[in-house]
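Visitor: Just passing along the structure, written as structure tokens.
Throughout, read-outs are computed from the coordinates displayed, never taken from laboratory work. Just so we're clear, the structure is a prediction, and the values are computed from it rather than from any experiment. When we count neighbours, we look across all protein chains shown, and the Cβ atoms used for this are built from the backbone with ideal geometry, even at glycine.
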Amino acid sequence: MRVFHVSFADCMCSLADPELLVRAHAGFSDPSYDTDVSGCTIQGDTAAAQQHGGSRGGATVAAGTVTEHHAQVTVSDGFITFDGEWQSNDGLHCQSVSYMVVESGTRSRYRHTHATGVVSSTQMVGDAVWFEIGTAMTTYASGAQHCASNDLVVCCYEDYCPQGAANPPLGGTRNGDEWAPTRDRENSWVQVGLWGGDPANTCVLHQDLSGGIYGLPGWGTTGDSARHQGWVLCCRPTGDNSCAAVGGSSGSELRPSELAVGAGR
């Protein structure tokens, strides 16, 4: 694992290997002032995509808070470029950068502390992001809130399991018995590990296990089984955030208004 810490903007960080797939994390904060980060980019990936609106425009980090931007990029020339200007003529500014961490691969070993206080590790697969937040995800709502805090939404079943039931989920099977929330309907969970030690149960919705005899899980709203629900897959918002109907009893997807970016913060 290679980890580089960078403390200033407009920099180039040398990486030894060409064609290297890396994850880059940039932290933004100011103890006293709101910070505009709309012009901060990592290898062309705009940090504003994961920030929130505020007093300095649509990409403001509030005073006294730390917000991180995570990007997966391919390095082809031995360098990764972070770019930004304090006062840019185009109105897209990058006013305060606290640190930068770069790691090889797609799965992060760096632990992120989010504005909500939740600590997580991440894995990026295409435009989707796996967050491992452990027992901080006590209920379905807390998983959705964690995605929303990153300006993302909980992914649909088809995003988790593009190959369908009895196949590994996107990015690989998680360890042990592991349930993750899906956007297809309220309190819908999919098995992304091994339930009962049987791979045939991987990528099966809880309400479809054993012919549907279990229904939606009671623990999904009470937090009684938090030790089995530490991962959530978050996706970029779509036009109406709708999902295709899947499974025998899963239908009835959530309304777009219930999944608005930033809802529940």
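Visitor: Using a simple spin-label model with points 7 Å from Cα along the Cα→Cβ vector, what separation in nm is obtained for ASP83 and ASP224?
Guide: 5.5 nm
Visitor: Also, quick follow-up: Between SER76 and GLU158, what is the FRET efficiency for a Förster distance of 30 Å, r being their Cβ-Cβ separation, to the nearest 0.05? Numbers along the way, then the final one.
Guide: Numbers: r = 32 Å, r/R0 = 1.05.
Efficiency, from the Cβ-Cβ distance: 0.40.
Visitor: Convert each backbone phi in the stretch 121-137 into a coupling constant with the Karplus relation 6.51 cos²θ - 1.76 cosθ + 1.60 (shift: θ = phi - 60°), then list the ³J(HN,Hα) values in order as whole Hz, x for Gly and Pro.
Guide: In residue order, the calculated couplings are 10, 9, 9, 9, 10, x, 8, 8, 10, 7, 10, 9, 10, x, 6, 5, 8 Hz.
Visitor: Okay, moving on. Pulled fully out, how much extra length does the chain show between ASP127 and SER210, if you take 0.36 nm times their separation in residues and subtract their Cα-Cα distance? The partial results should precede the final answer.
Guide: Details: separation 83, 0.36 × 83 = 29.88 nm, distance 3.21 nm.
Stretched fully, the ASP127-SER210 segment lengthens by 26.7 nm.
Visitor: Same structure again: In angstroms, what radius of gyration and Dmax does the stretch 119-259 have, counting Cα atoms only?
Guide: Here Rg and the maximum Cα pair distance are 13.3, 38 Å.
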